[in-house]
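Data first, discussion second: the structure below is written as structure tokens.
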Protein chains: 4
Amino acid sequence: MNQHTRKTIIGIMGPGEQATTTDLQNAYQLGQLIAQQGWVLLTGGRNVGVMEAASQGAKAAQGLTIGILPGNNTSGVSSVVDIAIVTDMGNARNNINVLSSDIVIACGMSAGTASEIALAVKSNKSVILLNDDLNSQDFFQKLAPNIHIAHSVNDAIALTQSILFNC
Amino acid sequence: MNQHTRKTIIGIMGPGEQATTTDLQNAYQLGQLIAQQGWVLLTGGRNVGVMEAASQGAKAAQGLTIGILPGNNTSGVSSVVDIAIVTDMGNARNNINVLSSDIVIACGMSAGTASEIALAVKSNKSVILLNDDLNSQDFFQKLAPNIHIAHSVNDAIALTQSILFNC
Amino acid sequence: MNQHTRKTIIGIMGPGEQATTTDLQNAYQLGQLIAQQGWVLLTGGRNVGVMEAASQGAKAAQGLTIGILPGNNTSGVSSVVDIAIVTDMGNARNNINVLSSDIVIACGMSAGTASEIALAVKSNKSVILLNDDLNSQDFFQKLAPNIHIAHSVNDAIALTQSILFNC
Amino acid sequence: MNQHTRKTIIGIMGPGEQATTTDLQNAYQLGQLIAQQGWVLLTGGRNVGVMEAASQGAKAAQGLTIGILPGNNTSGVSSVVDIAIVTDMGNARNNINVLSSDIVIACGMSAGTASEIALAVKSNKSVILLNDDLNSQDFFQKLAPNIHIAHSVNDAIALTQSILFNC
């Protein structure tokens with residue numbers, strides 16, 4: 001028997017300042033649903049965009065929230081991040097976001113988000129795309145078999161459950 | 001008002017495979033006392049030495065445990081780490097250990113531990129040394145003013161409280 | 001006057017094991033032309049794919065070659081890398097590849113290459129795409145204004161000159 | 001036969017702003033002698049202290065100089081660094097300094113330097129200490145067998161040769 005206390009971590013990645021209203025709504029609901037499943041939420045930790053919205057959603061549902069910060073201190077951290085990991089690695093922290101998540105949900109699209117999807121693919125992590133950017137869906141699906149497309153927040157959670165319980 | 005949900009994180013750094021019996025006993029008790037204070041424990045996450053002992057102590061007192069792992073997956077993680085952060089940065093993850101801790105307690109001495117103390121000094125983090133290695137105490141105290149010497153586990157916790165509540 | 005001895009560094013990024021014959025030919029010629037311009041070549045340093053081919057091309061033209069390695073030693077380094085930088089950061093070293101290059105040329109496409117393009121965009125680096133993957137061209141051009149499309153090796157070098165001398 | 005073009009890299013680590021006049025003189029001479037041996041010099045790349053002095057010495061003897069920078073661009077780089085590697089990793093770049101050097105020479109002492117010595121010991125790199133800080137000599141020699149003490153610049157170069165040619 002191989003008991004352990006380790007928690008399942010679901011990473012939500014997405015735009016910061018450039019997030020759309022839809023991205024923010026999706027991120028908030030994803031955060032809530034992740035917390036309701038008993039999973040821990042991981043984001044890039046900043047107090048903007050998808051990171052902030054997902055953390056707020058998870059906290060509204062009494063979830064535990066982790067933020068992997070790019071700078072060398074906690075300035076700019078979301079006020080609802082419980083565990084702030086201070087990396088001082090700039091955008092290279094995106095690789096830690098991905099490696100520390102059991103599954104990565106990309107909510108919206110941006111350069112940083114694209115780097116996280118690509119790094120996840122490179123490390124054979126399962127990635128779920130929730131966006132309406134057909135170019136990105138085409139591009140990443142052609143790049144890798146471990147890319148899944150979600151058509152709604154509920155779809156993303158159902159895919160997450162299906163991947164987690166088949167591993 | 002500046003409310004936030006962020007938890008206080010205390011890092012325990014110390015030898016892995018070369019930890020002494022005293023190091024392990026100290027680490028276990030430190031982990032327990034940290035959890036009893038309501039603080040989160042952060043270690044290097046591996047299932048050996050001071051990392052394992054501190055995590056076991058914290059878990060025995062129902063604490064939350066974070067492990068910052070050097071590799072690119074969770075192999076070798078302590079079974080009582082709740083939150084595994086997978087860095088794939090080797091020894092450079094020592095800088096994340098230090099930056100993410102509000103206070104660093106060095107329990108015992110080794111090359112990795114020395115690097116963590118030095119990196120903490122460099123980032124102006126408070127460091128508490130709990131060991132019987134007078135050379136290291138002399139060396140690090142001469143190097144920096146933010147090095148504190150603890151003569152017992154209880155002393156280390158008292159110093160931690162005193163530093164936290166004066167910040 | 002602000003004299004310095006710093007050399008211009010051009011990064012060539014591209015697939016490793018999955019590089020196509022066209023990618024390898026392009027990479028070799030790009031390496032040659034970069035060296036003939038007096039620029040330093042930077043790659044991911046491994047002895048496979050676009051990294052190896054570009055380094056061989058640069059070396060054939062007596063260029064200087066830098067390899068930014070993912071592991072913790074020089075095993076697997078190309079035999080024609082002059083300067084091996086050993087990062088022990090896995091795929092997070094891709095961010096160093098990009099930040100250390102004055103201009104990034106992406107030769108072919110893969111998950112690692114996509115992460116480098118995305119990280120370059122995020123850091124406002126100029127990126128030149130040399131491939132025949134229309135999906136990736138569409139995706140990255142929509143993502144950012146600092147993406148340039150090259151239709152040949154000579155086109156990529158002309159674009160590089162034009163960007164360098166207008167900075 | 002295993003031919004390659006890779007150059008021998010000698011790392012000089014030491015204080016930045018707090019370097020003493022002796023440290024700076026030693027660093028300059030070390031840089032000169034390293035270049036005269038045909039070795040490449042690696043430093044932390046900044047335009048202060050031991051980094052600047054060593055790079056100036058190497059450049060005075062027509063050597064090649066590498067600087068591994070902590071920030072996300074080349075601001076603050078020494079004007080005599082030929083190859084600037086931009087890491088955006090803050091103090092964690094110290095691990096890259098050490099791993100990329102065939103031998104590490106610590107010239108003077110500071111928190112950053114101590115972290116580099118400790119990280120070098122942890123990775124089984126040979127380290128040569130050139131300073132007059134007996135505490136640090138005692139501490140690091142007790143910590144590891146791969147620490148060598150040099151009593152002069154010429155002594156440090158002789159030790160470097162002896163270690164390189166016995167590997």
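Each value in this text was obtained by applying a stated rule to the coordinates, not by laboratory testing. What you see is a predicted model; the values in this text were computed from it and never measured. Methodologically, a virtual Cβ is constructed for each residue, glycine included, from the backbone with ideal geometry; neighbour enumeration extends over all protein chains shown.
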Please identify, among D:Gln137, D:Gln29, D:Gln56, the residue showing maximal mean-square fluctuation in a Gaussian network model of chain D using a 10 angstrom Cα cutoff.
D:Gln137
Student exercise, region D:81-150 dipole from Lys, Arg, Asp, Glu Cβ charges, in Debye to nearest 20:
240 debye
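Can you put C:His151, D:His148, A:His4 in order of Cβ neighbours within 10 angstrom, beginning with the fewest? Could the numbers behind the result be given before it?
Numbers: C:His151 10, D:His148 19, A:His4 14.
Lowest to highest Cβ neighbour count: C:His151, A:His4, D:His148.
With charges set only on the Cβ (+1 for Lys and Arg, -1 for Asp and Glu), what does the dipole of chain C come to about its Cα centre, in debye to the nearest 20?
On the way: 8 positive and 11 negative charges, 92 e Å.
That gives chain C a dipole magnitude of about 440 debye.
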Chain D: radius of gyration over Cα atoms, expressed as a fraction of 2.2 N^0.38 Å
0.94
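What does the net charge come to around D:Glu116 if you take all other residues with beta carbon closer than 12 Å to its beta carbon, with K and R at +1 and D and E at -1? If you can, show how the numbers build up before the last one.
Details: positive: B:Lys122, D:Arg93, D:Lys122, D:Lys125; negative: none.
In short, +4.
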Within a Cβ distance under 13 Å of B:Leu130, other residues only, what is the Lys/Arg minus Asp/Glu net charge?
-4
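Antiparallel as a % of all DSSP beta bridges within region A:19-86, to the nearest 5? Mind dumping the intermediate values first?
Working: 1 of 8 bridges.
Looking only at bridges with both residues in region A:19-86, the antiparallel portion is about 10 percent.
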Please turn the phi angles of region A:7-17 into ³J(HN,Hα) values with the Karplus equation 6.51 cos²θ - 1.76 cosθ + 1.60 (θ = phi - 60°), one per residue in order, whole Hz, x for glycine and proline.
8, 6, 10, 10, x, 10, 10, x, x, x, 4
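Taking the Cα centre of region D:2-86 as origin, sum charge times position over the Cβ atoms of Lys and Arg (+1) and Asp and Glu (-1), and report the length of that vector in debye to the nearest 20. The partial results should precede the final answer.
Details: 4 positive and 4 negative charges, 54 e Å.
Charge dipole, region D:2-86, about its Cα centre: 260 debye, nearest 20.
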Provide Rg and Dmax in Å for the protein assembly as shown, with only Cα atoms included in the calculation.
24.6, 70
C:Ile163, C:Ile10 arranged by Cβ crowding within 10 Å, fewest neighbours leading:
C:Ile163, C:Ile10
So, counting K/R as plus one and D/E as minus one, what does the shell of residues with Cβ under 14 Å around C:Ala53 add up to?
-1
More than 19 Å apart: what percent of Cα pairs in region C:20-108 qualify?
31 percent
Over 24 Å (Cα to Cα) - which of C:Lys7/C:Lys125; A:Lys122/C:Lys125; D:Lys59/D:Lys122; A:Lys7/B:Lys125; A:Lys142/C:Lys59; D:Lys7/D:Lys142 fall in this group
D:Lys59/D:Lys122; A:Lys7/B:Lys125; A:Lys142/C:Lys59; D:Lys7/D:Lys142
Taking a label point 7 Å out from Cα toward Cβ, give me the nm distances from D:Asp132 to the same spot in the other copies, shortest first, one decimal.
3.5, 6.9, 7.3
Starting from a label point 7 Å past Cα on the Cβ side, list the distances from B:Gln36 to the same position in the other copies, nm, shortest first.
4.0, 6.4, 7.5
Listed with the fewest Cβ neighbours within 10 Å leading, A:Val127, A:Val48 appear as A:Val48, A:Val127
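Suppose we keep just the DSSP beta bridges with both residues in region C:10-166; what percent of those would be antiparallel, to 5?
Values: 1 of 22 bridges.
Of those bridges, close to 5 percent are antiparallel.
Tell me what chain A gives for mean residue ellipticity at 222 nm when only DSSP H runs of n ≥ 4 count, each as -39,500 (n - 2.57), the sum divided by the residue total, rounded to 500 deg cm²/dmol. Let's see the in-between values first.
Values: 6 runs with 71 residues, N = 167.
That calculation yields -13000 deg cm²/dmol at 222 nm.
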Estimated inter-spin distance, A:Thr21 and B:Phe165, nm [label 7 Å along Cα→Cβ]:
4.9 nm
